[in-house]
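Note sheet for the following structure.
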Amino acid sequence: MTAVQTRIPVADAPAEPNRLRRGLPRIVAVAVVLVLAAAPLFLAPFATTTLTRIVVFALFAVSLDLLVGITGLPSLGHAAYFGAGAYAAGWVSINVTAEAPVPLLVGAATGAVAAALTGWITVRTGGVFFLMLTLAIGETVQQLANTWEDATGGANGLTGVPSVRLAGEPLVNAGYLYWYVLAIGVVGFALVWLVARSPWGAALRGIRDNEPRMRALGYPTAVYKYAVFVLAGSVAGVAGSLLVAQQRLVTPADLSFLTSSFALLAVVIGGAGSLWGACLGAAVVVLVRETLGASLDGHGPLVLGLVFVLVVYLLPRGAAGLRWPRRDKGRST
Amino acid sequence: MLVSVLNGFAIGFLLFILAVGLSLVFGMMDVLNLAHGALFLGGAYLGAALAGSWGGFLAALAVAAVAGLAAGALLSLMTEPLRNRSHLDQALLTLGVAFVAAEALIIVFGDDPLSVPAPPGLDGSVTVLGATYPTYRLVLIGVGAVLAIVVHVVVERTRIGALVRATVADREMVAALGVDNRLVKVVVFGVGSLLATTAGVLGGPIYGARPGLDATVLILALVVVVIGGLGSVRGALLGALIIGQVDTLGRLLLPELASFVLFAALALVLVLRPQGILGGAGARAR
Amino acid sequence: MALRSTGLRRSFGALAAVDGVDLAVAPGARHALIGPNGAGKSTLFKLVTGTMRADAGTVELGDRDVTGLSEVARCRLGMSQTMQHASLFGSMTATETVALAVQRHDGSRITPWPRRQRAVRERAEELLAGVGLAGRGSTPVPSLSHGERKQLEVAVALACKPSLLLLDEPAAGMSAAERARLVEVLAELPADITLLIVEHDLDLVFSVADAVTVLHLGRVLLSGTPDEVRASEDVREAYLGAKRREELFLG
């Protein structure tokens, strides 16, 4: 046949630079984790606490990125699962035990169950319906947290959560607590990262790019979306259990629309689909909120709103990764 | 029971005024305007600042109408460059605007909940079939019904309404026919926002004005729109009346789970009729 | 029969786009579905693939009634398609695109953890080479030319290990050279794959097909060999009638 059809070894050539490119992030990743692990040895307790908040929020943002960036499911109510995990972990710490894996597992299970209960309806809708439904779910869960006072403490929140215990020892010291949070955060991040790079993750990206085509290839896309929705809910629940370990308090604000928006902002700033980016975005959001929050007299949302507007106009490429198949537009080109 | 049904109607009509703008803006422009709740809140705060006398109440309505029209036109211009971007981008933009607007309102009016008095003469209560009922809410039902009829007639019977409906049904076709509907879009966005701010003033005596109210009413409006079907005036009316009843009844019977009742209604409709009760099959495909 | 439809019907409002179509495609056939604009070809295609639900009628794949099955299930049973608008996956390379289809159909487990898929990659590259895209595997899909994307569509469809391959206007928008290559690719397909081709380009149809069904106004006008179709007065009438209308519009 023609020359085009003969197999030429050129196809294998890019393997070399690939190996280099693949090796470098690994080194960087190990270095970042090491620096993060060593941080409390050099930082003041206050700064360590801020770093703890960043790790908690980064894991939450990563779980959202799995939905928004990898699968193209733009959730506006992801804090519902974060908060549900936090409330459950807090409740079990107060009423049952605060011994280490228990609040964590309870948080993960609660996030997963909450996502499983709400997810089946949401993933079967597309586009703007998904936005609306996740928003509605988030608000509903927040109102539930506000009104169900017996379990949640109502508007005051769930107070008096004891410190997490590791092998019987309560983690009171900010540094130890940070290491606990960091360890779980790194494991959670690694989990999401592995999923994103797996054959299954490739299918999720396929759904993001072109869902009808994936169906035509024989992928039951609704099942995939449901599974990733539950997984993201579960990781968010883990992040929630870390939140309560750090704050020792959960309030309805933790599962509010505002919290969802902060996470979405972290994802968008970092560039949707990039899990590292989501972590960096989370760091930016937490730092801005903590430093500006005080000077702005609690009007953080004002800044957040302006940043949203600016990001949408100025970083269209960052937001471009968020695109999911648009049936009406995709056809005309 | 009768009081609850009447409350349901009052809230239902209020929700219709609020939601119809959201529904038409979405149906016409494919833009989910998350700033819609903030517009309502703006109206509510205007009412809180000006109401108390009839003059003040009417002035609040007038200012709210003008401000709503202007805000809607501005939002329309702001979303125009994002026409070909994803729903999420548009949602993020309007979300950002909503945050800025809501915080600005809190900076101006403080973050304590404000109550809004009903205009004099309407602040008492009357006896309806043996039950006492606030006069204002009864009047609100009447005003809401009149507004619903006006909107319906405009959309269903006038030329501009026909263009709106045609754009909702098939955006590309209308564009392909060479109709320049940019002005129509600005007008629809403006009028939709005007209705939202007006609803805020009208709803003030019921809901008051407080931080967070914007999110609450936005969710209610979204639920109404989803239940009724996107871009449909009759759907918005039906959805609003249903949600008005479901919400008040839920609060009466299951006060702790009221928000779940709302969500259950939404889920039920989405499972049984994903395109909304009155939404056409086409509305969902795009 | 590899594919049989009986009394398929689908209307949009008052318009019956597909109005009781009986279609029988023999195993191993190169069956073409032609017809003037608005004949209902695209709708029929969607009814067969399961993308769209029929108002009435049945679709059988092999001996199996698949009428109630989704396109996902039909694909699993050996029905594969290329799409008219070659809109694949914007963030992937050609190899990744084909691999996505291969991994679903070659029995490899789609694990939620990374694993080396040497066999999947090799199969994907083999399929790419088979449609004339050897050496283009690491090119991002958006950087491929229109013709190349159409070739990629064929490779992706073949990766689903079809017994029946449905091609929706595979030559649309192709240059003459790309068309010639497409004819070669189609001619080289294994004989045990049944082809159903919806196509506008009659030259391509008559050079590939061994059976032709002509659709007109939602009904089957004629089914027969290419020669029979070429000789038919009715077909000429249908096409010429449509031609005249088109000329009216274009003229």
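The values are calculated or read from the model by the stated rules, or taken from the named source; none is laboratory data. Quantities reported herein were computed from a predicted structural model and do not represent experimental measurements. Here the Cβ is made from the backbone with ideal geometry for all residues, glycine too, and neighbour counts use every protein chain on show. Ligands, DNA and RNA are stripped out before the accessible areas are found, and what is left, the full protein with its side chains, is counted by its heavy atoms. Shrake-Rupley method; radii C 1.70, N 1.55, O 1.52, S 1.80 Å.
Summary table
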quantity	calculated
Filter result (within 7 Å of chain C (Cβ to nearest Cβ) and either among the aromatic types (F, W, Y) or assigned to a helix (DSSP H, G or I) (or both)) within the stretch A:190-203	A:L194, A:V195, A:R197, A:P199, A:W200, A:A202, A:A203
Matching option when the condition is surrounded by fewer than 16 Cβ atoms within 10 Å (Cβ to Cβ) and within 21 Å of the chain's Cα centre (by Cα), among C:T82, C:T58	C:T58
Residue that is at negative phi and touching a His at 6+ places or on another chain (Cβ under 8 Å), where the choices are A:A263, A:A239, A:A216	A:A263
Identity of the residue in the stretch A:207-227, within 17 Å of C:V156 (Cα to Cα) and open to solvent by less than 10 Å² (accessible area, probe 1.4 Å), that ends up farthest from the other protein chains (Cβ to nearest Cβ)	A:I207
Test: residue in the stretch B:128-143 that is surrounded by 12 or more Cβ atoms within 10 Å (Cβ to Cβ) and within 14 Å of chain A (Cβ to nearest Cβ)	no
Qualifying residue in the stretch B:52-63 (condition: within 27 Å of B:L163 (Cβ to Cβ), more than 9 Å from chain A (Cβ to nearest Cβ), assigned to a loop (DSSP other than H, G, I, E, B) and not hydroxyl-bearing (S, T, Y))	no
Condition met for A:L133 (out of contact with any Leu (no Cβ under 7 Å at 6 or more places or on another chain), open to solvent by less than 10 Å² (accessible area, probe 1.4 Å), part of a helix (DSSP H, G or I) and within 14 Å of chain B (Cβ to nearest Cβ))	yes
Output for the stretch C:18-37, where each listed residue is touching a His at 6+ places or on another chain (Cβ under 8 Å) and not β-branched (V, I, T)	C:G35, C:P36
Only listed residue being modelled with pLDDT under 85 and within 27 Å of B:G43 (Cβ to Cβ), chosen from B:R182, B:R171	B:R182
From A:L287, A:L315, residue being more than 8 Å from chain B (Cβ to nearest Cβ), open to solvent by 30 Å² or more (accessible area, probe 1.4 Å), farther than 21 Å from B:A215 by Cα and at pLDDT 85 or above	A:L287
Answer residue from the stretch B:202-235, given it is away from chain A (no Cβ under 14 Å) and under 12 Å from the mean Cα position of the chain (by Cα) and is nearest to B:A65 (Cα to Cα) among those	B:L202
Residue within the stretch A:79-90 that is without any contact (Cβ under 8 Å) to a residue 24 or more places away in the chain, assigned to a helix (DSSP H, G or I) and open to solvent by less than 20 Å² (accessible area, probe 1.4 Å) present	no
Test result for B:V25, open to solvent by less than 10 Å² (accessible area, probe 1.4 Å), of a type in the set (V, I, T) and on the phi < 0 side of the Ramachandran plot	yes
Residues satisfying the stated conditions in the stretch A:230-256, i.e. closer than 16 Å to A:G72 by Cα, open to solvent by less than 20 Å² (accessible area, probe 1.4 Å) and within 14 Å of another protein chain (Cβ to nearest Cβ)	A:A232
Identity of the residue in the stretch B:87-98, touching a residue at least 24 places away in the same chain (Cβ under 8 Å) and within 16 Å of B:A215 (Cβ to Cβ), that ends up farthest from the other protein chains (Cβ to nearest Cβ)	B:T94
Some residue of the stretch B:160-169 being surrounded by fewer than 20 Cβ atoms within 10 Å (Cβ to Cβ) and within 14 Å of chain A (Cβ to nearest Cβ)	yes
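Conditions tested, residue by residue: (1) within 14 Å of chain B (Cβ to nearest Cβ); (2) under 17 Å from the mean Cα position of the chain (by Cα); (3) open to solvent by less than 20 Å² (accessible area, probe 1.4 Å).
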residue	(1), (2), (3)
A:V96	no, no, no
A:E99	no, no, no
A:T110	no, yes, no
A:V128	yes, no, yes
A:G138	yes, yes, yes
A:T159	no, no, no
A:P162	no, no, no
A:E169	no, no, no
A:A174	no, no, no
